[in-house]
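Written below as C-alpha cells is the structure these notes are about.
Every number in this text was worked out from the coordinates using simple rules, so none of it is lab data. Quantities reported herein were computed from a predicted structural model and do not represent experimental measurements. Positions of Cβ are backbone-derived with ideal geometry, glycine not excepted, and every protein chain shown enters the neighbour counts.
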Amino acid sequence: MVSREQLIAFMRQKAFRPMEAAEIMAALGVPRADEAPFHALLNELETEGTIVRTRHGRYGIPERMNLVVGTFHGHERGFGFVVPLQPGAEHIFIAPDAMGGALHGDRVVARKSGRPVGGRSLEGEVIRVLARANQRIVGTLDREGGLGFMVPDERRIPYAVVVPAGALGGARSGDKVVVEITRWPEPRRAPEGRVVERLGRDGAPGVDILAVMYRYGLPTRFPEEVERQAEGVPLEVLPEDLEGRLDLRDRLVVTIDGEDARDLDDAVSLETVDGPDGARWRLGVHIADVAHYVPEGSALDREARERGTSVYLVDRVVPMLPPRLSNGICSLNPGADRLTLSVFMDFDARGRRMRYEFAASVIRSRARLTYTAVWRSLAGDGARPLDASLPAVVMAASPEEEAALPGVLAEMKKLASVLRERRMRRGSIALDLPEPKVILDASGRPLEVKRAERNLAHDLIEEFMLAANETVAAHCARRQIPCLYRIHEEPEAEKVEGLAETLHNLGIPFRAGKRRPRDFQAALEAARGRPEE
C-alpha cells in the first residue's frame with residue numbers, strides 16, 4: 001500500500017497533471033487488492049484539503065490548479081474571506097454571490113479569479129465545502145405564521161435559518177434555541193433546520209451563558225462512562241499511594257489563589273538553606289498529580305484530551321475533569337493530604353538558580369490564602385499577621401506555623417522581587433493589560449464590569465510559576481526530552497515598522513531593526529506615566 005507521503009510527493013512532481021484515481025493507482029503500481037484503502041487515503045487527503053478532486057473526478061494539488069484550500073471567515077455585512085491553510089498565503093476575498101453555500105468556519109476550496117482593477121485584495125469564489133463547522137447553530141427564534149426563522153447569535157452567519165412548522169419542537173417567538181441544519185444554503189435559498197433544544201427565553205438570567213456554551217461547543221455534562229470512572233476515584237489519599245513519594249506533610253506549604261478559585265492546583269513553599277557560597281532560598285512549587293488518578297487511555301483521559309482545558313465563564317466553570325477530581329482529590333485543599341509533583345529550586349541572593357530537584361511527593365497545605373490576604377500582609381515594610389476572617393481564607397496551620405507564615409511570605413516577596421528584576425534585565429516584556437471582571441446579582445444578571453485588581457501577590461505567584469516552568473523546560477532541553485511548550489512568535493516585520501513609525505511620531509524611541517524583546521520593553525518604559533501608555 002502506498003503511503004500518504006509517497007502519494008503527495010508523486011502529485012507534487014513538476015510533470016504531474018490531474019488524474020483519475022485509477023490512473024494514479026496504475027502510475028504508482030498500487031495492486032487492485034489495495035483499491036479500497038487507496039480510495040480511503042484519497043478521501044482523507046481531500047477532506048483535509050491537501051489534494052483536490054475536480055468535477056470530472058480528477059485529483060490534483062490545489063496550488064497547481066489555481067485553487068486555495070482554507071477556512072471561510074464570514075463577515076456580518078455578507079461577504080467573507082478564505083484564510084488559506086498554507087501559512088503566509090494571501091487571504092481571498094469572497095463576494096456575497098460567490099460564497100457557494102459556505103458558512104463561517106467551514107473548510108472550503110476556492111478558485112482564485114484575480115485582482116480587480118485598483119483593488120487590494122485577491123478575489124475568488126468558493127467552489128466546494130470540504131467540512132462543515134456548524135452542524136448546530138444557536139440563535140433567537142422568530143415565528144411568522146406556521147414557519148419559524150432563527151436569527152443566529154453568530155453575526156458572521158448572514159442567513160436566518162428557516163424552521164418548518166413540524167420542526168419547531170414547541171419553541172415560541174423570542175426563545176433562544178439550538179437548531180440543527182438539515183439543508184445547507186444554496187444560491188438564493190436560505191438554510192433549513194429543526195429545533196433540537198430550547199434554552200429559554202432570550203434575555204432570561206443564565207440563558208445567555210448557555211447560548212455561549214452551545215455556540216462554542218462547550219459540553220454541558222460528562223458522559224456516563226466518565227462519571228462512572230470518576231465515582232471509583234477515592235476521596236482521600238490511600239496508604240498505598242504514598243509508596244516511593246517524598247513526604248512533605250511536615251513542611252509549611254500554602255496555596256495562593258483568587259477568592260473565587262474553584263480548584264487549587266498549585267502550592268508553594270520557601271525555606272532558607274545553607275549553600276557553599278552562603279545562604280540560599282529553596283523555593284518549592286507543588287502541582288497536583290492529576291495523572292495519578294487519570295490512567296492513560298481511560299475514559300477520563302480521553303474526555304480530558306477532548307476538552308483540552310477547563311473553561312471559565314462569567315458565572316461557572318466547564319471543568320476538564322469531573323468535580324470529584326477537579327474540586328476534590330486533585331485540589332490542594334487546606335489540611336488534606338494530596339499527591340503532588342514538586343520541583344525544588346535553590347536561588348542565590350542575585351536570583352541565580354544554583355540547583356534543582358524534582359520529586360513525586362505528598363503535601364498537606366497549611367492554608368488556603370488569597371491574593372488579597374497576602375497583599376494586605378505584605379503591604380508596606382515588613383509583614384503583618386494574616387487576616388483569617390477574609391473571604392475564602394482557610395487556615396489549617398498550627399499556632400506556631402501561623403505565627404511564622406507572615407515572615408515566610410515576606411521572604412517570598414524578596415525572592416519574587418529579585419527574580420523579576422533579573423527577568424527584566426534579560427529583556428522580558430511585561431504587559432500590564434486590564435482584565436475585566438463581571439459582577440453579577442443573585443439571579444445572574446450583570447450589574448457592572450470592573451477592572452480586576454492586580455497586586456504584588458499576583459506577581460509573586462507569577463514569578464514562582466515562571467521559575468518552575470523555566471526549570472522544567474531547561475531540564476527537558478538539556479536531556480533532549482520531547483516536550484510540548486508554547487512560544488510567542490516574532491512579530492511580522494511590516495507590523496513592527498508600522499509600530500516604529502507610530503512611536504516615532506509620539507516621540508518614543510524604538511529600534512525596529514533587530515526586534516529584540518528588550519527593545520519593546522524599553523518603549524513600554526519610555527511610555528510609562530504618559531497618556532500613550
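Summary table
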read-out	value
Of Lys414/Lys450; Lys413/Lys437; Lys112/Lys514; Lys176/Lys450; Lys437/Lys514, pairs whose Cα-Cα distance is over 32 Å	Lys112/Lys514; Lys437/Lys514
Virtual spin-label span in nm between Thr54 and Ala27, 7 Å along Cα→Cβ	1.2 nm
Among 252-265, 399-412, 431-444, 21-34, the order from most to least packed when residues are scored by Cβ within 10 Å on average	252-265, 399-412, 21-34, 431-444
Charged-residue dipole, Cβ positions (Lys, Arg, Asp, Glu), region 200-311 about Cα centre, Debye nearest 20	400 debye
Contact order normalised by residue count of region 239-360, Cα under 8 Å, 6+ apart, percent	27 percent
Those Cys residues of the chain for which no other cysteine Cβ falls under 4.7 Å	Cys330
Residue-averaged [θ]222 nm for the chain, counting only DSSP H segments that reach four residues, each worth -39500 (n - 2.57)	-8000 deg cm²/dmol
Ordering of 356-365, 49-58 by burial proxy (mean other Cβ atoms within 10 Å per residue, highest first)	356-365, 49-58
Size of charge dipole - the chain - debye, nearest 20, with Cβ of Lys, Arg +1 and Asp, Glu -1, no other charges	1800 debye
Debye log10 I(q)/I(0) at q = 0.32 Å⁻¹ for region 160-201, Cα point scatterers	-1.13
Around Gly513: net Lys/Arg minus Asp/Glu count, Cβ-Cβ under 12 Å	+2
Within region 122-243: Cβ-based charge dipole about Cα centre, in debye rounded to nearest 20 (Lys, Arg +1; Asp, Glu -1)	1080 debye
For Rg and Dmax of the Cα atoms in Å, calculated from these coordinates, the label among [x] 27.2, 89; [y] 23.8, 76; [z] 29.1, 86	[z]
Furthest towards positive pole of dipole, Val233, Ile137, Leu210, structure part the chain, Cβ charges	Ile137
Karplus-derived HN-Hα couplings along region 350-363 (A = 6.51, B = -1.76, C = 1.60, θ = phi - 60°), whole Hz, x at Gly and Pro	9, x, 7, 6, 9, 7, 8, 8, 9, 7, 6, 9, 9, 10
Estimated distance in nm for a label pair at Ser113 and Ala190, the labels positioned 7 Å out from Cα along Cα-to-Cβ	2.5 nm
